[in-house]
Amino acid sequence: AKRDGGSSARFFESAMNQSAFERLVLENELRDAVLKDQLVVFYQPKIDMKTGAVAGAEALVRWQHPTAGLLSPGAFIEAAEECGLIGEIGDWVLRAACIEAARWRTLGIEIPVAVNVSAMQFEREGFAESVLHALELADLPPHLLELELTESIAMENPERAIVQVQPLRDRGVNFAIDDFGTGHSSLSYLTRMPFDVFKIDQSFVRDMTTDPHACIVVETILAMAKALKLETVAEGVETQEQFEMLRAEGATLAQGFLFARPMPAHDFVEYTQGGSAK
Ligand code: C2E
Ligand code: CA
Ligand code: CA
Ligand code: CA
């Protein structure tokens, strides 16, 4: 049925205004969140597929919103990128994660912490300095920090990515390509990229037991990683079947709800100590 064009246009306009207004509220609250210490970092274990030991952790930011509760990054990272707060938030997460990994060391848990880096954060002038500063502040050896860059960030401008990555990697910081398999990596760049880890995107892990194409993607990534002598992390491992298949194919680390969800720092230490005592 045909509707009155005028009123539907008005409706659309007001919906747009509303969402712009909501976005403004969100941005203001987010500014507050940084100042008022409402951000928290959760940690999700990465499991060594051979030994079952906790071999690393990914830092994942959360926002303890005063009225809405605990928010996942999906609810605010994009807004943070758009209003330019991602730099501040990214730096905060980086420092918090380095401090936490340094604390783990004092407890005898010597494992690297992985931190996600957004496009804007990565492209910023002074990116390397802010990373080195966080390491210094926490007194964390660089080899215990891993930075996760999505494949699309890394491959958007590979020449420039190499320039940004190299000085940190020379100091011992590790780099992982996140969401690997979803972007458009050029093979020739891939072999030249100074990376240490491929993180197989969870969409392939999810589908690999039912979809032969996903399985081929996983096998190809694992073969490539082997040839390049890189470590591989399978993300989003939820079932024993996925785990067995990945292990048989030679993935080195697994991360996913099958083992643990992202959790507060305190729980992570307990989980890791409990696991290593087994
Ligand atoms: P990501 O880097 O790909 O992180 C993995 C996401 O998958 C996390 O969602 C994690 O909770 C979820 N996940 C882990 N295991 C499983 C599983 O077995 N099944 C399923 N369905 N999901 C699983 P989360 O914490 O909501 O983070 C979403 C995205 O937000 C991250 O995706 C990352 O791109 C971004 N993000 C998180 N923390 C930060 C941060 O500190 N800075 C930046 N720039 N981005 C962040
Ligand atoms: Ca990640
Ligand atoms: Ca990922
Ligand atoms: Ca992913």
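The values are calculated or read from the model by the stated rules, or taken from the named source; none is laboratory data. None of these values were measured; they are calculated from a predicted model. Positions of Cβ are generated from backbone atoms using ideal geometry, with glycine treated the same way; all protein chains shown enter the neighbour counts. Side chains are part of the model used for accessible areas, which takes the heavy atoms of the whole protein and leaves out ligands, DNA and RNA. Shrake-Rupley method; radii C 1.70, N 1.55, O 1.52, S 1.80 Å.
Tabulated data for the structure shown
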item	result
Unit charges at the beta carbon, dipole of segment 191-278: most positive-side option, VAL217, PRO264, LEU230	LEU230
Gaussian network model of the chain, Cα within-10 Å springs - most flexible of GLY69, GLY172, GLY236	GLY69
Label-reachable residues, segment 141-162, where backbone N falls under 19 Å from a point 7 Å from SER203's Cα toward its Cβ	149-156
Per residue, in Å², the accessible surface of the chain once ligands and nucleic acids are set aside, probe 1.4 Å	51 Å²
Simple Cβ-charge dipole of segment 68-148, Lys/Arg +1 and Asp/Glu -1, about Cα centre, in debye nearest 20	320 debye
Percent of beta bridges antiparallel (DSSP, segment 61-195, rounded to nearest 5)	25 percent
Per-q log10 I(q)/I(0), segment 132-278, q = 0.12, 0.13 Å⁻¹ (Debye; single scatterer per alpha-carbon; no solvent)	-0.56, -0.66
Rounded to 5, the percent of DSSP beta bridges in the chain classed as antiparallel	45 percent
Environment charge at GLU22 (Cβ cut-off 14 Å; Lys +1, Arg +1, Asp -1, Glu -1)	-3
Estimated inter-spin distance, ILE109 and PHE257, nm [label 7 Å along Cα→Cβ]	2.3 nm
Hydrodynamic radius by Kirkwood, which averages 1/r over all alpha carbon pairs of segment 57-102, in angstrom	11.5 Å
Sulfur and carbon atoms: percent of accessible area, the chain [1.4 Å]	53 percent
Average silhouette area of segment 8-130, convex hull of alpha-carbon atoms, in square nanometres	10.9 nm²
Kyte-Doolittle mean at least 0.0 and Cα axial length at least 15 Å: DSSP H helices in the chain	86-106, 127-138, 212-228
Overall Cα dimensions of the chain - principal axes, largest extent first, Å	64, 46, 41
Calculated FRET value between ALA223 and GLU82, using beta carbons and R₀ = 41 Å, to 0.05	0.60
Longest segment of the chain lacking GluC sites (Glu not before Pro) that sit in a DSSP loop with at most 15 other Cβ atoms within 10 Å	126-237
Furthest towards positive pole of dipole, CYS83, PHE204, ALA154, structure part the chain, Cβ charges	PHE204
nm² value of the averaged projected area, convex hull over the Cα atoms of segment 191-236	3.0 nm²
FRET E, pair SER19, ALA248, Förster distance 45 Å, beta-carbon r, rounded to 0.05	0.45
Spin-label model distance (nm) - ASP139 vs LYS36, 7 Å beyond Cα toward Cβ	3.4 nm
Fully extended contour minus Cα-Cα distance, from SER152 to GLN166, at 0.36 nm per residue	3.2 nm
